[in-house]
Each structure stands twice: as C-alpha cells, then as structure tokens.
C-alpha cells in the first residue's frame, strides 16, 4: 500500500494517467479506418493504406488511406472550385469562420490533446498546455487578420490555391500555422498530413465541417513522400508551404523552380544555447530542459548546441546532470511524464546511430544513472530514449553540425563573447538561438550578431501567432505568424494581370579587350572600353574579353567588360568586406543616398543623352527616366531610417522585437527595359536597409549603370557596397545563384532565367525574387510595381527577438 508517509519520504511521483476513452470511441466510430477529406467530406479508405501506431507501445491506432494522383487531383479541383467564392467573401465573413474554428478547437481541446499524445508520443502536459492552446490562438489571431486584410495590405490579393505539407513533430500546431493565415488571406488549400501522425489533421477536418467552413476551402490528403511530391508538383497550386527536413526542402526548391509558385520553407536547425558567465545558472539549466527535452528534442528549433563560457562550464554541467537525474521518461498520457516517446522506430534508430557516431568521434556521452538495462527493458515496447549529454564536442564534429532530432544535447565552451558568436554561427543552419545573461548589453549584442531568425533572451521555445517564425541560411526562408506570415499568402494585385516581358536577344560574341583600339585593331574615336566596378574601383574583366554595346540602330557605341565567374567571386569578396555599411544607422545610409540623388541630378542631361543614345528614346523620354531615377533614390533615402521593425507583447512581461535585418550580400540581375531606372529601383532599396550588392545591369544597355561609377565615388558610397559586373545576365545570374556567400538573389529577365535562378539557389537555399518572365512598369510607384514596401520586404528578413521585462 502506498502510504502518504512513504510518499513524503521518497517524494516519488505516483501515476497520473489521462483518460483516453473518448479518443478510443472516436477511432472505433470510424472503424479504425480513415480516408481523405475532400470537398467537405471524408472519403472511404481505399486498398492502399498505411498503419498509424502509438509510439509509446507499438499499438496500431488506425489504418489511413494513402492519397494517390486521383485523390490529389480531386482535392486541388475542390479547392480551385471553392476559391472564387471564398476569396470573394468580405473580411468580416472570413473572420467569422476562423473564429468559429477557434471556438471548436477550444471545445474539443481535451480530445485533441489526448489524440495528439497517442498519435505522436509527446507528453499530455505539452499537448494540453502548449500545442492545443496555441492552435486556438492562431485561429483567433488570424480571424483578426481576415477582418483587417484589405486595410493592412492594400493592393494585395490572395495567392490562390495553396499546397501545404506539415511534419510529424507538431502535427496539429504546424497545421494551424499554415491553415490559419491561408484562410485569413482568402486562399483555399490542400494540406498533406505527416505519414506518422495524420490523426489530429483528420480530426481537424471534422472540426472544419462542424464549424461550417464551406466545402472545398480546406482539403486534406494523407500519405508519405510520394503523396507530398504529388501535392508539390501539382500545376493547380499557386503557393507551396513546407515544414520538414532541409534535404526535402532542397528537393522542393528545385521541383517548383520556374512554376511561378510562391514557396516558403521552414526547415532544420542546430540551434545554439549560449550561456554567459553572467547568466542565472539555475534558470539556464531549466532553460535547457525546455530547449532540448521539450517534445523529446523533436523540435526544429531545439537548443541542441550548448555553448557555455569556460569559467562556469564545470558548475553548469554539474547542475545540468543533477537535473537530468530527475527527468521522467515514460507513458505520454501520464501527467507526471517529462519526456514521452519518440515518434517511430525509424527515428529511434536514427538517434542511436548519430549518438554512436559521436562516441566514435571522441566526445564524452553522459546519461542519467537510471538509463540502464532495467530502463531499456521496461521501455522496450515503445520508442523511448533517455536524455543525453555530450561534452568535449569539437565544433566541426557531426554532433555539432548535424541535426539529431532527439533528446540529445551537445556542449562546448568559449572564452569571449566574440568566440561565442563565432561558434553559434558555425553552422549551415540559422533557425533559432537562446542566449542567457543577466547583462542585457551582452545578451542583445549577441542576439543581433547571431545569424538566426528567432532569438530568445533568458528564455527558450516561446511561440505566438503574432510573432514571425522562420530561419536564415539552410533553415529556409519565409515566415509563419505575425504580419510577415500573412504576406506569404498574398501577392500584389497587379501581378495577376502582368504580361510577358519582351524577349531579350542574345549578346554579341565577346572580343578581346583593347582599351585603345576599336574593332579590328584600328584606332577608334569611341569611348574607351567600360570596365567593371568592384570594391569601389574600376577593374578589367578576368576573361580579358568585352562585348559590343550598340545603339537602337545597331551602331557601335563602345564595348563593355564581359564578366565571368571570377569577377562575381571578386565582387562578392568586396561586398563581404564592406560590412560596415550594414552596421551604419539608417540615418547615415539615408544621408549617402540623398547625396547620391543630388549628384545624379547634377548630371541629368549627360545620363539622359546616354539613355537616348543606347535605347533610341527621345530626349524627353530619357529625361523622364533620369528624373524618375533621382526620385526613386530620394524615396529610399527617406525610407532608410523608417523601415525599422515592430514591438509586440505576446505574453505578460515578455516583448518580441520584429527586426528587419539585411541579407548582407544580395545578387541582383537587372532588366533590359528602363536601364537606369530598373537598376536604381532594385539597388536603392537593397542598400537603403544595409545590404551590399553585386549587380549585373541591363545586358544590352549597361552604360547607364556604368556611368554611375563616378557618381558613386563622389557620393561617399563606400567601396564594396555597390559592385557592378557587366556581361551575359543569365550566365552571371547562374554564378550568383550558386554562390554560398550570396544570401539572396533577385532576377528580372526571362522565364527560363527565373527558373534557372530558383533551381540553382537550392544549393544553400537562398531566398530568391524573380519575375518569371513577366513585365513590370518601373515607373509605377502607386501599385508597387516600381517602388514600394515590397522592395524593402524582399531586401530584409525578419529576426524575432524575445526578451522578458519587468519583475
């Protein structure tokens, strides 16, 4: 008998199981078999099914039909049919639907929490207290965005029919992250659930029907990678949102290249957990528990790399090990469980293999004393793994570089704050970071320098619908949540009516560079061959070749340098060295841009003459282009110190700063049309917010940009901020798209070139902005074709910094 006196003596937890009868009854009501949810109805399961098992004990919960081409086509057709009516509703009408879904989620909260724990293996405390409340929060929050869409996003319309692919680690919450903003924007969708965990998505589909969501607005297909590929590759989609592994994200980037689909990717991470010697060590230890043992470590933003200052490392690790001894691994439905079951046997095998590889690499593995043979035998029916700590980890080891996606923490030490930031950024990922210090100067300095989309100060793994979430580098691009998350499901209205841009003619064959002689070697009364502009200096092209630049009648004007891969490399190196530009205040950058506009205006007649000479435009038309270019620089000079983010209060005593940070180095491929205005319209917003750029100007009319060399020099634009490489646009764009030190690529040219840039960018998963061969009116400022907030949005990525305040 478990007497109270004995309990008080040992302080052992007793069992506290959550009742699951209502979930079992729901499964039984469906006969343990489920189909798809298409056009407002659950379909009957066919012959092709897969088993869904409880990871805690291996019990089969249900058989779910795998969607094939027929089912995916039907789902897209239903979403397409529903789009016109759904997108035509008023904001208030859409808001009412989202509100109704939020209320139904709350009504069924206990049911959803238990089903999620059974399906996924995570502890009931987490599904009950975190996942399901956040699901409801997302639908409430986005009900507001539905109401305010037209007011807050003028001249924008819904993207269209969306494909959404979610992972197995947060099945219901990831569904809400994608479905809620899509509904608010006016989109319809086809969502593919995760193969291991489809049950809460099916339950959500029933909730949509209960809440009165019109048929066809939300459609659900179930299956594995084959089904996901069918969704991603479907021609009927206008937008694809994916959360999952970096490897699959790279495949999707290539698969969708050139299709015109909007794409957002939330991918893997190896997030640093930095502990300075000024940290509250006890609080930081509890932070580690939330960072890496929350959801069994199956979290893309898990703080899986502890980076601890040397002076406190021994004390920190000792306290951490003591805390690990008290963690409880066990049945997910037990309310006393801290760490539940890993999702599936294949994931357990992956974790074990990576841990064994780490031991072979020489790192020291520590696990709690209770993680012994008795533990292994007691848990053999389920997918359980004990909390684990590696110390003595090399920064270059597989443990420190590769995502384990399990309850495994790796730890390393640092001496100085600069070294901490260097170690934190020594990763191909950039999803999140957690920084611990009672000295907020130290904490915020590190937060700004860490290359991650989300940073928590003295906290970790906090989420809210109002705060954008997404990564840098190979952790993907795009944001979910907040204002920026809404923009993922909207497009400028004019794009829906955009026409094809004129086809560009091939460049003439390049010829050897001769600065003093014209074609054929004869002395020429022509301008000297125009060089490249790299690092604030004119430079001969590495190839030693140039190409002829002709006027509207085909007469030779001069020759321009024929840039190649090495010229792009040199330009990127110069841009990286100009990092002081990114650290300048917006006010300081604005002054430089005002000066640039002033100096360009002083030479208006010269530039107008050059444009008229190249393009055959009248002097009046050319003068208009120069005047518009001056006005455009002034516009972004005016915006440079005003595009500065937002402050949100998602929780009591917690602030979240949404800071637009520059990509740092952007590669830009300019259009042929409006050779000066197109160049300025792309370069000015990029550098206004702190980027440095490598630009290929209009390939047929490059001289308008090349004549800017002296203007840039006399306007105090630091060397390396603007680097200009002339030549074949598509060849140079391919080099920039592949370059690992270019964080974003903008391309305005042909449809084929747009597809190439998107495809080649998959190497380091850089953000891209392409025109898909569509024409853009560079003179238009009112509808956003030539200037506007979209340019600034594309030139930045939002970093969300969470920080506690108050007592």
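The values are calculated or read from the model by the stated rules, or taken from the named source; none is laboratory data. What you are looking at is a predicted structure, and each value in this text was computed from that prediction instead of being measured. Note that each Cβ is placed from the backbone with ideal geometry, even for glycine, and that neighbours are counted across all protein chains shown.
General observations
- Residue in region 734-750 that is assigned by TED's automatic domain parsing to the domain that holds residue 561, under 14 Å from residue 256 (Cβ atoms), touching a strand residue (DSSP E or B) at 6+ places or on another chain (Cβ under 7 Å) and in contact (Cβ under 8 Å) with a residue 40 or more places away in the chain present: no
- Condition met for residue 240 (in contact with a strand residue (DSSP E or B) (Cβ under 8 Å, 6 or more places away or on another chain), assigned to a strand (DSSP E or B), modelled with pLDDT of 95 or more and under 30 Å from residue 458 (Cα atoms)): no
- Looking across 46, 14, one residue alone is over 30 Å from residue 75 (Cβ atoms), assigned to a loop (DSSP other than H, G, I, E, B) and either modelled with pLDDT under 95 or in contact with a helix residue (DSSP H, G or I) (Cβ under 9 Å, 6 or more places away or on another chain) (or both). It is 14.
- Hits in region 432-470 - residues which are assigned to a strand (DSSP E or B) and under 25 Å from residue 762 (Cβ atoms): 432, 433, 454, 469
- Any hit, region 674-682, residues being over 30 Å from residue 456 (Cβ atoms) and either in contact with a strand residue (DSSP E or B) (Cβ under 6 Å, 6 or more places away or on another chain) or assigned to a loop (DSSP other than H, G, I, E, B) (or both): yes
- Pairs, first under 14 Å from residue 683 (Cα atoms) in region 780-791, second modelled with pLDDT under 95 and surrounded by fewer than 18 Cβ atoms within 10 Å (Cβ to Cβ), C-beta under 7 Å, six or more apart: 786/780; 787/781; 788/781
- Residue within region 83-93 that is outside any helix (DSSP H, G or I) and crowded, with 23+ Cβ neighbours inside 10 Å present: no
- Going through (1) under 30 Å from residue 330 (Cβ atoms); (2) part of a helix (DSSP H, G or I) one by one, residue 167 falls short only on (2).
- Consider region 540-583 and keep the residues that are touching a strand residue (DSSP E or B) at 6+ places or on another chain (Cβ under 7 Å) and part of a loop (DSSP other than H, G, I, E, B). The one that is surrounded by the most Cβ atoms within 10 Å (Cβ to Cβ) is 563.
- Some residue of region 500-515 being modelled with pLDDT of 85 or more, crowded, with 16+ Cβ neighbours inside 10 Å and at positive phi: no
- Within region 209-227, the residues that satisfy the criterion of being touching a helix residue (DSSP H, G or I) at 6+ places or on another chain (Cβ under 9 Å) and either assigned to a loop (DSSP other than H, G, I, E, B) or surrounded by fewer than 24 Cβ atoms within 10 Å (Cβ to Cβ) (or both) are 210, 211, 212, 213, 214, 215, 216, 217, 222, 223, 225, 227.
- Residue in region 380-398 that is surrounded by 23 or more Cβ atoms within 10 Å (Cβ to Cβ), part of a helix (DSSP H, G or I) and touching a strand residue (DSSP E or B) at 6+ places or on another chain (Cβ under 9 Å) present: no
- Considering only residues in region 408-431 that are in contact with a helix residue (DSSP H, G or I) (Cβ under 9 Å, 6 or more places away or on another chain) and part of a strand (DSSP E or B), the one that is nearest to residue 250 (Cα to Cα) turns out to be 429.
- Of the residues making up region 475-495, those that are surrounded by fewer than 24 Cβ atoms within 10 Å (Cβ to Cβ) and within 17 Å of residue 663 (Cα to Cα) are 478, 484.
- Hey, residue 91 more than 19 Å from residue 178 (Cα to Cα) and modelled with pLDDT of 95 or more or not: no
- Given (1) more than 20 Å from residue 328 (Cα to Cα); (2) without any contact (Cβ under 8 Å) to a residue 40 or more places away in the chain; (3) surrounded by 12 or more Cβ atoms within 10 Å (Cβ to Cβ), index of the condition residue 365 fails: (1)
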